[in-house]
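Here the structure is laid out as structure tokens; the discussion comes afterwards.
Please treat every number below as a calculation from the coordinates, not as lab data. Treat the numbers as computed from the prediction; the structure is a model and nothing was measured. Quick reminder, even Gly has a Cβ in these numbers, built from the backbone with ideal geometry, and neighbours come from all protein chains shown.
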């Protein structure tokens, strides 16, 4: 399992005037929508044999414009936007490092294709379940979590997701800055003179590069989710053309003759265990985005958009990615008998400074795209959910980005203890969270959700449970989380460690299915009456 966490160490899904002005905006101007709003419930929301009718008050502790549902009309995350989103994530450097590592496990070319194909099918299935929730309700992950964990208990899954994301955001920003620093030194060797001192662990050049990457990401987020969509749409083709060009160049270099394995391939039971383990590890890598994909899917116009966008962006894209991995790794091994660790090694070997710089810039662009989608959007929504009256999406993003600097992420990255036991331990909790949330939504409620009640603190409200916390969901989550952590981290469970996400999700889902409280009737009420325009996000 250490292999997974070494992968996570490199994965780290890489890489403001408007932002600061928003931070100075009076809170009252921003929250006027959510203060003292009373709505008459639609008749469809009421069980004829149940609660009495009355106005619903949207609590300012649970509602602001960024947490509100998005209007169905005007949703802009179409098929291409979703495809581009996944193109950036699939073709990032760390994923290539992971896939190339499968060669080291003794898998050959066709076995790697099969392993990643299995992983792609799993990711596609689970991602669709999460995406459909977001598309129907129009709400972000912290609000989705209120359905199963309660209006206040939802802070549990949200904060777990946010802590992981903030730490990885800082680490990946640091790694992107390292690439930027090397690139600047290559373009102008004089910059290297500023790379010898140390200020809190970084040189002067290191700090300049880190802050530059940090500000670029902040600037993109400052314009909200619409700018995130546009940047992802721009970065997707850039990385796709780059890796396809690398693959073509390598194919030309070896004359079409690549090595399908680096040693005698595995066979029998051990081969199949590693094939399925590789697929399960690929699913684990996407455990964070599987959980909060609704942050993006909430802005998709229909289910078919998610189905088609995810199909081309995940299984098809991942198989293309797997083929490129086999070509790059097998081609390089055919050339000099050495196994590369990353496509950047091939870029570094290009005997042309211009194309070398273009290649590095392409990977910088995609690492920023991955960092924003995987590690910046989630904590912005989570922190806004903590104090909706005072924190909107932009302010929350500024706070999370600041925390990511204060933790000095380069020190975290260089600490195996932090990476393996703290961050990876937290990562093992994602499967159980997913299991509880999905079983509650799909099997218990049959996708029937009263969106308006997600913003109500009425003690008689649907999602109030026990003082705002669904203790049954917590009771299902805790034992499953303990088991998942033990499987992931203890050396004695090495053989099953790659499957810890699946075990955690399955156990939590089964427990919740057994102990969840059933209702004879679940209201299905749209949030369209309080929805906001997508461009406001």
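Quick notes on this structure:
- Helical mean residue ellipticity (222 nm; -39500 (n - 2.57) per DSSP H run of 4+; nearest 500) of the chain: -19500 deg cm²/dmol
- Taking other Cβ atoms within 10 Å as a rough exposure proxy, 494, 305 sort from fewest to most as 494, 305.
- Global form of the range 395-449, assessed from the alpha-carbon gyration tensor, a/c cut-off 1.5: oblate
- Potential lengthening of the chain between residue 466 and residue 390 amounts to 24.8 nm, from the contour at 0.36 nm per residue minus the alpha-carbon distance.
- For the range 169-278: rounded, prolate or oblate by the Cα gyration tensor [a/c cutoff 1.5]: prolate
- Cα centroid of the range 251-330 to Cα centroid of the range 431-481, whole Å: 32
- Shape index of the range 2-536: Rg/Rh, with Rg the Cα radius of gyration and Rh the Kirkwood radius from the inverse mean 1/r over Cα pairs, equals 0.98.
- Highest average packing first - 166-179, 231-244, Cβ atoms within 10 Å: 166-179, 231-244
- Difference of contour (0.36 nm per residue) and Cα-Cα distance, residue 457 to residue 357: 30.5 nm
- Taking a ≥ b ≥ c as the square roots of the Cα gyration tensor eigenvalues, the range 219-283 comes out oblate, since a/c reaches at least 1.5 and a/b does not exceed b/c.
- Note on the range 421-461: Kirkwood radius taken over Cα pairs, Stokes-Einstein applied at 10 °C and 1.306 mPa s, translational D equal to 128 µm² s⁻¹.
- Of 129, 122, the sequence from fewest to most neighbouring Cβ atoms within 10 angstrom is 129, 122.
- Of 347, 187, the sequence from fewest to most neighbouring Cβ atoms within 10 angstrom is 187, 347.
- When the range 452-537 is reduced to its Cα atoms, the Kirkwood hydrodynamic radius in Å: 16.0
- Within the chain, antiparallel bridges make up roughly 75 percent of the DSSP beta bridges whose residues both belong there.
- Amide N of the range 173-188 lying under 11 Å from the label point, which is placed 7 angstrom from the Cα of residue 194 along Cα→Cβ: 185
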